[in-house]
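Encoded as structure tokens, the structure appears first; notes follow it.
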Amino acid sequence: MMNYEEAVNYIDRLQMFAKKHSLDHTRVFLSYLGMPQREKKIIHVAGTNGKGSVCRYLQALLTGEGKKTGLFTSPHLVTIRERIRIGEEMISEEQFVRIFEEVRKAAGEMEKEGLGHPTYFEFLFGMAMKFFDEEEAEYIILETGLGGRLDATNSIEHPDLTVITSIGMDHTEILGDTIEKIAAEKAGIIKPGVPLICDATDEKALGVLKKTAENAGAECREISENAFKIMKITGKDLEFSTSNRYDDTAMWKLPTTASYQPMNAVLALEAMKRLVKEPTASWRKILETTSWKGRMEEALPGIVLDGAHNMPAVRALAKSIRMQEKFRSPDGKLIVLFSAVKEKDYHEMIRFVCREIPADLIVVTKIPDERGVNPGELQKDFAQWTDSRVVVKDTVKEACSYVTACKREQDQVYCFGSLYLVGEMETLLREAARC
């Protein structure tokens, strides 16, 4: 039997040799695991940005209603165990190893039958479903890994509800080079007769979602930007109103300054209306204390981590930063810590950041992954579009030390560009806080 570190290494190695399989293969995999999806109420969530936040809000609200709820998300920031949760708790190392061994056995049996070993994502999905089944979870929230139509999570044939968050240009080399093509991939999770709740902000994407839902005989509930209004924003949180009453008040508060989160919260609230007919908990109080790591997260005073890693997300982040300007000290500086992976359109992100975020200092670094962009290249890119000082640090650790050393109490640091960067910063800042 492997220990925890060995189990994680085994799963990580699957990224190098296991090949993508069909949804039928994933369904066979689930059958080898004992059909853990049976008799579960499953909510399937897809989208370009915001799907992790919607999943987190849903999980908190269902848990608050006393429902035992499993949550499967990706990617993780610090530990792989973040991907598999029951309620507020992620799977323990002991549970992880036990479930890993059960799933590895099933994968081995499949290989003997010539069926092929599950991929990295499929293996973790299988582990999550097996764990949720053994823990007797009543509800399961599944976040797609990439796209929707061909994602392993889409092997679930009869979810109770589907949710599609904002759709934008990302992973174009896989999902397509237009909003319509990307929306069609996300729309692949829509099932016959299963209600759909979707972000209606982009008209082109909405047209595809509505048509797909109509063809499937699925009710489509559109959530537009008119469904809520941000009423107040402070240095720590925001309040918004809704046009419909979900609880004992139409005013809501979130412990974040991210202007993009009210839409995600409303999507989750609309989903809850379909899942829980007679609420027993105060959803307002639950949302007041619900946050999601790496989404406009103030990890230390004045140091904000955000998972913005594509153009739609960077635009949303810039809007949130501008809304925070009045809360910054007049002599406070705005510092940007940035990194990116090669497959993202980081050139466009950099141009936009220089135009829309008034940074006084920019620090660039490289994530510890072969996909990371060389910081020297990032520096040259920034230098084309800004007169602000651009500092290169070869490692995230060096960059973290630099920004924390030069940051004054009145300054604000925003770290974004890559989820890998945010994950590394989470770890480093956590360690710094303990010292």
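Worth pointing out:
- Within the stretch 398-420, being assigned to a helix (DSSP H, G or I) and in contact with a helix residue (DSSP H, G or I) (Cβ under 6 Å, 6 or more places away or on another chain) holds for one residue alone: 400.
- For the stretch 4-34, a residue qualifies if it is of a type in the set (S, T, N, Q) and not in a helix (DSSP H, G or I), and exactly one does: 22.
- Within the stretch 367-390, the presence of a residue that is farther than 15 Å from residue 317 by Cβ and touching a Pro at 6+ places or on another chain (Cβ under 6 Å) is excluded.
- Only listed residue being open to solvent by less than 10 Å² (accessible area, probe 1.4 Å), modelled with pLDDT under 95 and not acidic (Asp, Glu), chosen from 281, 258: 258
- Summed over the stretch 35-92, the residues that are in contact with a Gly (Cβ under 9 Å, 6 or more places away or on another chain), open to solvent by 10 Å² or more (accessible area, probe 1.4 Å), more than 19 Å from residue 7 (Cα to Cα) and part of a strand (DSSP E or B) give a count of 2.
- From the list 327, 338, the one residue that fits, being open to solvent by less than 10 Å² (accessible area, probe 1.4 Å) and aromatic (Phe, Trp, Tyr), is 338.
- Selection within the stretch 323-332 - at pLDDT below 90 and either within 15 Å of residue 306 (Cα to Cα) or of a type outside the set (D, E, K, R) (or both): 323, 324, 327, 329, 330
- Filtered by the rule that a residue be on the phi > 0 side of the Ramachandran plot and either in contact (Cβ under 8 Å) with a residue 12 or more places away in the chain or in contact with a Ser or Thr (Cβ under 6 Å, 6 or more places away or on another chain) (or both), the stretch 164-194 gives 171, 193.
- Output for the stretch 361-372, where each listed residue is at pLDDT 95 or above and either of a type in the set (Phe, Trp, Tyr) or part of a loop (DSSP other than H, G, I, E, B) (or both): 365, 366
- Where a residue in the stretch 393-410 is more than 11 Å from residue 333 (Cβ to Cβ) and its partner, wherever it lies, is part of a loop (DSSP other than H, G, I, E, B) and not aromatic (Phe, Trp, Tyr), with Cβ under 6 Å and at least six apart: 393/365; 396/365; 399/365; 399/393; 402/393
- Within the stretch 25-36, residues that are touching a residue at least 40 places away in the same chain (Cβ under 8 Å) have Cβ atoms under 8 Å from residues that are open to solvent by 10 Å² or more (accessible area, probe 1.4 Å) and of a type in the set (Gly, Ala, Ser) in these pairs: 25/116, counting only partners at least 6 apart in sequence or on another chain.
The values are calculated or read from the model by the stated rules, or taken from the named source; none is laboratory data. All figures in this text were calculated on a predicted structure; none of them were measured in a lab. Glycine also receives a Cβ, built like all others from the backbone with ideal geometry; neighbour counts cover every protein chain displayed. These area figures cover heavy atoms from the full protein model, side chains too; ligands, DNA and RNA do not enter into them. Shrake-Rupley method; radii C 1.70, N 1.55, O 1.52, S 1.80 Å.
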